[in-house]
Amino acid sequence: MTTIAKNTICIWYDGDAEEAARFYAATFPDSRVDAVHRAPADYPSGKAGDVLTVMFTVMGIPCMGLNGGPAVQHNIAFSFQVATTDQMETDRYWNAIIGNGGRENACGWCQDKWGVSWQITPVALTDAVTGTDPAAARRAFEAMMTMGKIDVAAIEAAVRG
């Protein structure tokens, strides 16, 4: 019997859930492909024997990729937020997603090649915009609004004024 977490994020894919899961497992720590399940019969977007679901973990979060077909598209209403410790880690994740067919968005957001949104968010940014100095928070926020990938040094400079 398959063990499934009480709360699992289900992400819809158009036939490439296994590819996505393997990319996430290779890119992020505490990530892995846990199981690949094949369809026992034909279904609207596939045939018996095709990969139907993939159980995987992304940074400790249990997920299920469902190869549901082209009817549902991803949007930014759902995203993974990755808290990074420094510019090197920010660059590594950002570049992995963008360099693997993804695309940049504003303010630290990007989308992978499957359309799943990611927020690559340095802790320095979160600390800056939620800090106790309203003027520094405003400067950091305004700096962030001009960025695609977050530039930690620019955020820190904005905080200093």
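The values are calculated or read from the model by the stated rules, or taken from the named source; none is laboratory data. Everything numeric here is computed off the predicted structure, so don't read it as measured data. FYI the Cβ positions are ideal-geometry reconstructions off the backbone, even for glycines, and counts take in every protein chain you see.
If you go through the stretch 48-57 and keep only what is within 19 Å of THR8 (Cβ to Cβ) and either loosely packed, with under 15 Cβ neighbours inside 10 Å or free of Cβ contacts under 8 Å to residues at least 40 places away in the same chain (or both), you end up with VAL51, LEU52, THR53, VAL54, PHE56, THR57.
Looking across the stretch 95-113, the residues that are in a strand (DSSP E or B) and in contact with a Gly (Cβ under 7 Å, 6 or more places away or on another chain) come down to GLU104, CYS110, GLN111. The set of residues in the stretch 1-47 being farther than 18 Å from ASN100 by Cα, of a type in the set (Asp, Glu) and either in contact with a Gly (Cβ under 7 Å, 6 or more places away or on another chain) or in contact (Cβ under 8 Å) with a residue 60 or more places away in the chain (or both) consists of ASP30 alone. Taken together, GLN81, GLN111 contain a single residue that is surrounded by 19 or more Cβ atoms within 10 Å (Cβ to Cβ), more than 17 Å from ALA25 (Cβ to Cβ) and under 16 Å from the mean Cα position of the chain (by Cα), which is GLN111.
What number of residues within the stretch 141-161 satisfy the criterion of being outside any helix (DSSP H, G or I), aliphatic (A, V, I, L, M) and surrounded by fewer than 20 Cβ atoms within 10 Å (Cβ to Cβ)? Looking only at that region, the number is 2. Against the definition (surrounded by fewer than 16 Cβ atoms within 10 Å (Cβ to Cβ), small (Gly, Ala, Ser) and in contact (Cβ under 8 Å) with a residue 40 or more places away in the chain), how does ALA106 come out, yes or no? Answer is yes for this residue.
Number of residues in the stretch 65-78 that are over 12 Å from VAL51 (Cα atoms) and surrounded by 14 or more Cβ atoms within 10 Å (Cβ to Cβ) equals 1.
Per-residue answers, yes or no, for (1) at pLDDT below 95; (2) assigned to a loop (DSSP other than H, G, I, E, B); (3) under 13 Å from ALA17 (Cα atoms):
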position	(1), (2), (3)
ALA35	no, no, yes
GLY49	no, yes, no
THR53	no, no, yes
PHE56	no, no, yes
GLY65	no, no, yes
ALA71	yes, yes, no
ASN75	yes, yes, no
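Screening ALA41 with (1) among the small types (Gly, Ala, Ser); (2) farther than 22 Å from MET144 by Cα; (3) assigned by TED's automatic domain parsing to the domain that holds MET145 gives one miss only, at (3).
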